[in-house]
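Engineer: Here it is: the structure, laid out below.
The values are calculated or read from the model by the stated rules, or taken from the named source; none is laboratory data. Fair warning: this is a prediction, and the values are worked out from it, not measured in the lab. Reconstructed Cβ throughout: ideal geometry from the backbone, glycine too, with neighbour counts over all protein chains shown.
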């Protein structure tokens, strides 16, 4: 995991706004309102009513997947993204709507998907 990703996760744990180069953590007003993570100004991870969502924001790059996977390793270890032959896949080790445990499905470039709960 890259140092920037370690610092990103630390900001979430400490509930503080943080920015470094191309990555930003924005905390909302109260813990119940959650947070969002932006990469190059595009929202890639956010919370809505205690559900955590992610999106490649149209950029299924190594950096985007790395940021999402770094977050998942710390906060949603049952979920990960990987790329194969220019297609991004979401993998879950728990049962999720439309994604039974241990299976993978392709993710559209602008599609948002549930990765966990707070």
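Engineer: When the residues of region 48-80 are narrowed to those that are touching a strand residue (DSSP E or B) at 6+ places or on another chain (Cβ under 6 Å) and in a strand (DSSP E or B), which ends up nearest to residue 3 (Cα to Cα)?
Structural biologist: Per the criteria, the residue is 80.
Engineer: Which pairs do you get when a residue that is touching a residue at least 40 places away in the same chain (Cβ under 8 Å) and at positive phi, found in region 57-74, comes within reach of a residue that is surrounded by fewer than 19 Cβ atoms within 10 Å (Cβ to Cβ) and not in a loop (DSSP other than H, G, I, E, B), reach meaning Cβ atoms under 8 angstrom, with the pair 6+ apart or on two chains?
Structural biologist: If the second residue must be surrounded by fewer than 19 Cβ atoms within 10 Å (Cβ to Cβ) and not in a loop (DSSP other than H, G, I, E, B), the pairs left are 57/42; 57/43; 58/42.
Engineer: Just to verify a result, which residue in region 23-47, among those that are surrounded by 13 or more Cβ atoms within 10 Å (Cβ to Cβ) and in a loop (DSSP other than H, G, I, E, B), is farthest from the chain's Cα centre (by Cα)?
Structural biologist: 28
Engineer: For residue 30, work out the one condition from (1) modelled with pLDDT of 80 or more; (2) on the phi < 0 side of the Ramachandran plot it doesn't fulfil.
Structural biologist: Going through (1) modelled with pLDDT of 80 or more; (2) on the phi < 0 side of the Ramachandran plot one by one, residue 30 breaks only (1).
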